[in-house]
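Beneath this line is the structure, given in structure tokens, with notes to follow.
Values in this text are rule-based calculations from the coordinates and carry no lab data. What you are looking at is a predicted structure, and each value in this text was computed from that prediction instead of being measured. In this analysis, Cβ positions are derived from the backbone assuming ideal geometry, glycine residues included, and neighbour counts consider all displayed protein chains.
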Amino acid sequence: MILNIKLIFIFVLLFFSFFLCSQEHSTKIIFKIELENIARRYKKEINFQKANYFFLREEWDSTLVYSMKQLVVSPNTELNNYSHYFRANSFRKKKLFVEAKKEYDLIATTFPFYYNVKFGLGTISLEQRDFAKAVIYFQEIENSPSNSTYDYDNSTLIHNIGICYIELEEYDKAEEYLLEAIELQKSEKEKPLLIGSYMDIANLYYVQFKDNQAIPYFEKAYQLSKKIKEFEPKKKASFNMAVVEENRKNFPKALAYRKEYEQWKDSLNDQNKVWAIAEIEKKFAVKQKQKEVNVLQTENELKEVQRNSLLYSSILLLLLLGVSFYFYKQKTKQNKIILAQKEELDALNATKDKLFSIISHDLRSSVNALKTSNTKLQESLATKDFSALDQLLDNNSSIANGTYNLLDNLLNWALLQTKQAYFYKESLHLQSIIAHIAYNYKPLLLNKNISFENKVTAAIFVMADQDSLKIIIRNILDNAFKFSNENGVITVYIRPTEDDCCYLVIEDTGAGMSEAKQQELLKETVLLSKKGSDDSIGTGLGMQLCKSMIHKNGGRLAIESQEGIGTKIIIILPKTDNNG
């Protein structure tokens, strides 16, 4: 049993650290100088100049547009090699690996930076987990004769070869390359890359059950992450330490590291949202300027028409009457549109006011409950009533979790309402996502002695947006935990069907609900509602958010429930071709 638990921890560590520690090659000074020389030699090639400019600024879409224009209009082999290289790297950065490979194959071997082509192909193979092929590409560069035009990061190359050998289970070679990469990165003072290398060598030892060698490297990675500003290495280093301490049964330390991990995770999410909002605001400002230009252009055209009308007064009088009538109809039509928009805006404002009232009520109730609980907590501390202290701390944790989930749902609902939510549908492994979400509910399960069973098989894949799917499952699991009694059972499984949809069922043995309540929850018009039959107010925001996100993912929601027996929430999503 202990061995199985450790194997699970090893899998989590390796999976979590892969995306951080497979390091990216960076184009350096020699390549940039050569691009500047090429640009000076071909000043008249405007498309190449623009492609070069956007490539250096890492604006990949614009790079693709102008490099394609250059390839269409120019037969110059030298410029074509650079244009294909621009396109290959742009496609790779956008995760379009098939297109990237095609562009790399079109680059001649005489290209002075052809080692960059091999590095790009090796990186694609690494991303696609074809580690044997990746090793071949990387070692072709490693074994190349010394050349003054080579300006790649040798530590990155050595590190990526080590990563490949870990996955190929050639641990002796992996250890040799990773230790060499660590020494190179120490001399280069590349702290973020060094943190990744520390975690990789630690994972290498961990998978071989060499804990005494692995843990010091995890600790080095964690200590070094404190000295940098980037949130991602901090988040992953604290996560690894949490898993290590959990494996060592040191749960207080594990809890502290996990809280730190959640802190960095939230900071990273906030940073990403700020960047996303800034990008949206930038695009909005550009559109507004374009509208102003269009309006000015239209006004100038109208003035020109008015000047010309003086020369043709007799003929244009009838035309003017016709135009006047047309504008009158347009104005009437616009007034109707404005009136309809006003009514819609009034309804939205009413909903907003009601939502604010309810949210403030729930938040006030939560804060008041925390104040009351903290008063009792102080009293229990004075009397050293540890049993009461334990219960009060659990109560405070539940209140805080509920409040956090309410605010998180409010944020996601606001993003949907303002059309700022980003959806990217892809093939998702359903069992892994459910396991990842359920892992965070372990304390709640233990607290209420609830049994949780994930019966979703490993062969199930669905087509959906990953972030929104996690929000949907999390909200439904929240409700299942909330309405389940002690010693209850929550089961997640797939209902067999013959159509092209996946029926994900989340079943609990809780209080259940009436038929009327089920119909109310499934109504498209329901946004805010009351909880059950009592007078306490609830936003209903979680279920509304779930319905909206399921709809955005091309799915639908169903409910089966009986009072006193339990509830089945059924999420219906499209399957993908990956299903076994």
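A few notes on this one:
- Least to most buried among L410, L321, L469 (fewest other Cβ within 10 Å first): L321, L410, L469
- Full extension of the chain between K552 and V293 gives 89.8 nm of extra length, using 0.36 nm per residue less the Cα-Cα distance.
- Couplings 3J(HN,Hα) for region 219-225, derived from phi with the Karplus relation 6.51 cos²θ - 1.76 cosθ + 1.60 (θ = phi - 60°), are 5, 4, 4, 5, 5, 5, 5 Hz, where x marks Gly and Pro.
- For D465, the residues whose modelled amide H falls within less than 5 Å of its own, excluding neighbours fewer than 5 places apart on the same chain, are E426.
- Qualifying trypsin sites (Lys or Arg not before Pro) for region 81-181 [loop in DSSP, other Cβ within 10 Å: at most 13]: K94, K95, R129
- Residues E563, E232 arranged by fewest to most Cβ contacts within 10 Å: E563, E232
- The charge dipole of region 423-574, taken about its Cα centre with unit charges on the Cβ atoms of Lys, Arg (+1), Asp and Glu (-1) only, comes to about 320 debye.
- Percent of Cα pairs exceeding the 22 Å cut-off, where the set is region 423-574: 39
- Order of C501, C164, C546 - criterion: other Cβ atoms within 10 Å of each residue's Cβ, fewest first: C501, C546, C164
- Per-residue ³J(HN,Hα) for region 326-343, Karplus 6.51 cos²θ - 1.76 cosθ + 1.60, θ = phi - 60°, Hz, x for Gly and Pro: 4, 5, 5, 5, 5, 5, 4, 5, 5, 4, 5, 5, 4, 4, 5, 5, 5, 4
- Violating pairs (Cα-Cα greater than 30 angstrom) within the set K95/K568; K376/K442; K229/K547; K371/K552: K95/K568; K229/K547; K371/K552
- Taking the alpha carbon gyration tensor of region 42-141, multiplying each eigenvalue by 5 and rooting it gives semi-axes of 25, 14, 10 Å, largest first.
- Backbone amide hydrogens, once placed in the peptide plane, bring I450 within less than 5 Å of N487, excluding anything fewer than 5 places away on its chain.
- Placing +1 on the Cβ of every Lys and Arg and -1 on the Cβ of every Asp and Glu, with no other charges, gives region 2-254 a dipole of roughly 980 debye about its Cα centre.
- Given their separation in residues at 0.36 nm each and the Cα-Cα distance between them, Q139 and N335 gain 63.6 nm when the chain is fully extended.
- Extreme residue, positive dipole direction of region 2-254, given options F97, F31, L56 (C-beta unit charges): L56
- Think of region 423-574 as having a plus end and a minus end, set by charges on the Cβ of Lys, Arg, Asp and Glu; of I571, L444, I559, L444 sits farthest toward the positive end of this dipole.
- For region 208-260, the Cβ-based charge dipole about the Cα centre amounts to some 140 debye (Lys, Arg positive; Asp, Glu negative; other atoms uncharged).
- Per-selection metrics, region 2-254 (Cα): Rg and Dmax in Å: 20.5, 69
- Under the Debye formula (equal points on every Cα, no solvent term), log10 I(q)/I(0) of region 158-242 at q = 0.23 Å⁻¹: -1.10
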